[in-house]
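Peer 1: Starting off with a structure, shown below.
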Amino acid sequence: MNQLQQQESENEVQLRQIKGYIEEEKAKGELLCIQAENSNKRSKIEGAMEAERVSSFLSELGHEFPDLDMKTRIMLWMTLRKEDALKAVAKGNTKLYFTPADVNLSIESHDYTHGGIENGGSSWTDGDASE
């Protein structure tokens, strides 16, 4: 009988542990839901603020420079945003990599030979060295 009571006691302890784990996981799930809701609300607020900044900029630019078309105003906004992004990157300990398209890079091959050095000359020629 003593062994049976001890086994029942161990089973009850294990059951309480399992119920505790279940409650803990439920609480973690609720926390994640609340955090996700708050993150979504924060993102919506930030998006609305950014939309207001863009709208205000474009509107004021249109009033100050009525000859500018919308495409030009948007291009100006995008240029300023790129400048802001570069300033943010420059503040941190980051590395910035450019692709050839970013810097309009092209690689060309030129065959330059120094014409006539063997013969005592000193002029450079492009391509054919048959001077």
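The values are calculated or read from the model by the stated rules, or taken from the named source; none is laboratory data. These numbers were taken from a predicted model, which means no experiment stands behind them. Cβ sites come from the backbone with ideal geometry, for glycine too, and all protein chains shown count toward neighbours.
Peer 1: Sort out which residues of the range 70-84 are over 15 Å from the mean Cα position of the chain (by Cα), surrounded by 11 or more Cβ atoms within 10 Å (Cβ to Cβ) and not hydrophobic (A, V, I, L, M, F, W, C), and write them in order of number.
Peer 2: 72, 73
Peer 1: If I go through the range 1-54 residue by residue, how many of them are of a type in the set (Asp, Glu), modelled with pLDDT under 95 and under 22 Å from the mean Cα position of the chain (by Cα)?
Peer 2: Selection size over the range 1-54: 1.
Peer 1: Among the residues of the range 14-36, is there at least one that is surrounded by 10 or more Cβ atoms within 10 Å (Cβ to Cβ) and either under 30 Å from residue 102 (Cβ atoms) or in contact with a strand residue (DSSP E or B) (Cβ under 6 Å, 6 or more places away or on another chain) (or both)?
Peer 2: no
Peer 1: A further question follows. Filter the range 37-69 for residues that are acidic (Asp, Glu) and in a helix (DSSP H, G or I); which is surrounded by the fewest Cβ atoms within 10 Å (Cβ to Cβ)? First the steps, then the outcome.
Peer 2: Looking only at the range 37-69, we keep the residues that are acidic (Asp, Glu), and these are 37, 46, 50, 52, 60, 64, 67, 69.
Right, trim to in a helix (DSSP H, G or I) and you get 37, 46, 50, 52, 60, 64.
On the way: 37: 10, 46: 10, 50: 11, 52: 10, 60: 11, 64: 8.
Once the filter is applied, the top-ranked residue is 64.
Peer 1: With the requirement that a residue be in a helix (DSSP H, G or I) and either among the aliphatic types (A, V, I, L, M) or surrounded by 10 or more Cβ atoms within 10 Å (Cβ to Cβ) (or both), what does the range 85-98 give you?
Peer 2: 85, 86, 88, 89, 90
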